[in-house]
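The values are calculated or read from the model by the stated rules, or taken from the named source; none is laboratory data. Here the structure is a predicted model, which means the values were calculated and not measured. All Cβ positions, even for glycine, are placed from backbone atoms using ideal geometry, and neighbour counts span all protein chains on display. We work out accessible area using only protein heavy atoms, side chains counted, and drop any ligands, DNA or RNA first. Shrake-Rupley method; radii C 1.70, N 1.55, O 1.52, S 1.80 Å.
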Amino acid sequence: TLCLVSCVKNENTEDYDTKVRLINVIDEKAQDFYLNGIRVATGVGYGSNSSYITVVGNREYGIFSKNTTTQLVSDSLKYTLGVGKNYSVYYSKTSAADSLLTVLEDDLSRDTASVRLFFINHGYTLGSKVSIRSQSSTLSKILGLGENSGYIKLPANKTSDIYLNLLDSVTVIDTILYTNFVKGSNNTILIDGVNKGTRRGKLRERIIVSSN
């Protein structure tokens, strides 16, 4: 199945900027995200993300996610954000009981003749690793929980239709058509699994088009 930000910086001319966005990959309560005690994103629901937020670089930040309704801390970590970079903070789970925040640096360089894809597997309910391939077989990856593909460049045409399946369910295939991708774009493809009901453990994906 395919499926208000605040600025945390000051006017000191010796400070240099970086950018960070917050992504909620858990199909549960919406989250508020904080950097050093300042709320920078409010009510980020499952499958949603904030825009890139400009902050001061070369600083360590305490990053918190809180349940929007109860304001109880869901998870936290400390991380130093470098100057002139772009980061994504993922709020995800490793099991039904254990959540975590993960920070990854984004490479938003562009290729105007191609599309760039970045796959990341957050599917803690999936029963096996995920196979990812393109129609042309230029792309062929197998990702376990928490693993990512790195950035992959593909042409923006029919040969870039993407097929995904669980290794323990090779006959059930999800398709992402190449028409979902715009030439010159960077796309993060979040892989996870249904976490409730009779479809628990079923594969699903969402595309985030990155822009800075």
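Structure values in brief
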{"item": "Segment residue 69-residue 107, length gained on full extension (0.36 nm per residue, minus Cα span)", "result": "10.3 nm"}
{"item": "Residue-count net charge about residue 112 - beta-carbon cut-off 14 Å; Lys, Arg +1, Asp, Glu -1", "result": "+3"}
{"item": "For region 72-205: rounded, prolate or oblate by the Cα gyration tensor [a/c cutoff 1.5]", "result": "oblate"}
{"item": "Accessible surface of the chain, 1.4 Å probe, proportion on carbon and sulfur as whole %", "result": "48 percent"}
{"item": "Listed residues 141, 66 arranged by accessible area, highest first, probe 1.4 Å", "result": "141, 66"}
{"item": "Pairs from 66/93; 158/183; 29/196; 129/183 whose Cα-Cα separation, in the structure shown, is over 24 Å", "result": "129/183"}
